[in-house]
Amino acid sequence: MAGRKQAAARGAGPAAKADLESGLVIAAHGRHYLVQAGEQKLHCVTRGKKSDVSVGDHIRLARTSPDQGVIEAIDERKTLLYRSDQYKSKLLAANVDQLFIVVATEPSFTDDLVSRALVAAESAGVSAHLILNKTDITEALPKTRERLQVYARLGYPVHEVSAKAHPDETRAAFMPLLAGKSTILIGQSGMGKSSIINLIVPDADIATREISAALDTGKHTTTFTRLYQMEGGASIIDSPGFQEFGLYRLSEGMLERAFRDFTPYLGKCRFYNCHHLNEPGCAVLEAVQAGEIAGLRHQLYAQLVHESSQTLY
């Protein structure tokens, strides 16, 4: 996909190319983008009805006024994260190194969203971590830890923090993880993502209001994804609270490879074109029955295969 965009970018005329500036997309709302160009923030749009730009994209733009511009080209992407509904894939963030999934002791999180986010990270080549927030709510802690064990056993790091009760310790835990990397935080509403962002980026509230004003989103400050730049080349991207996370664009082959617990069994089924759903001699199903693959993980795989087969585009 990135290649198609770059091919389109290369089609720009030589005269236009000479005047292009570099920038980093730090927020997106509809087809309106806020771009950091040097020390200045510019309000940019794309040509026509294109909306194939993502937060985290390094772009080239042509100025149309002192504080506005048109995005003419997207530089090559290192990574690209999507989420989707049945009708459209949505760009979530570009050039991220790691995805942090924020869960909490209260309110309860959904395993479906966590697992879908992990699949998205695997398919994009992005490392994933789980952040367990609100560990000060001790009565819910043992059960929450037990639920997270299925992911810890797969090798996904789980970090325990309490952003409000222990802010200094939480910030100290995060800073080494973020150093020199581009990180996106996702999670359901109510998990404490905003509290974590405010600890890591002390002026995040001010920056968000500025971004909201620049993009003319008014009171809808939580409906857009935004990137905060940090010292040492690090950045952190805050995204809206998700209640669901579609992966319709992933094919069946992409899905099976995005489940790291399936990896030891792929290629060992009786049939070379096994779908790992109900075929005899399926090594994946045998691993589920033996308890080597968690049942909830295979259920999600079956659901995602079904959703992929129903896609309308």
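Quick notes on this structure:
- Distance between the modelled labels on Asp203 and Ala290, one decimal in nanometres: 5.7 nm (7 Å Cα→Cβ projection).
- Cα long-axis angle, helix 167-178 against the chain (0 to 90 degrees, to the nearest 10): 90 degrees
- Antiparallel bridge percentage (DSSP; both residues within the chain; nearest 5): 60 percent
- For the pair segment 27-45 / segment 228-286, the C-alpha centres are spaced 32 Å from each other.
- Spin-label pair Arg47/Thr138, simplified geometry with 7 Å Cα→Cβ offset, distance in nm: 6.3 nm
- For His166, the solvent-accessible surface computed with a 1.4 Å probe is close to 90 Å², ligands and nucleic acids excluded.
- Put simply, the amide H of Leu80, placed in the peptide plane, has neighbours under 5 Å in Asn95, leaving out anything fewer than 5 places away on its chain.
- Per the Kirkwood formula applied to alpha carbons, the chain shows a radius of gyration over Rh ratio, Rg over Rh, of 1.00.
- Angle between the chain longest axis and helix 111-124 axis [Cα atoms, degrees, rounded to 10]: 60 degrees
- Cβ-derived FRET efficiency at R0 51 Å, Glu21 paired with Phe271, nearest 0.05: 0.40
- Per-pair calculated FRET efficiency, R0 = 30 Å: Thr263 and Lys78 via Cβ, rounded to 0.05: 0.85
- Rg/Rh for segment 100-187, where both radii come from Cα atoms and Rh is the Kirkwood radius: 0.95
- Taking 0.36 nm per residue of separation and subtracting the Cα-Cα distance, full extension of the segment from Thr110 to Ala302 would add 67.4 nm.
The values are calculated or read from the model by the stated rules, or taken from the named source; none is laboratory data. Not measured: the values here are computed from a predicted model. Glycine gets a Cβ as well: all are built from the backbone with ideal geometry, and neighbour counts include every protein chain shown. Heavy atoms of the whole protein, side chains included, go into the accessibility calculation; ligands, DNA and RNA do not. Shrake-Rupley method; radii C 1.70, N 1.55, O 1.52, S 1.80 Å.
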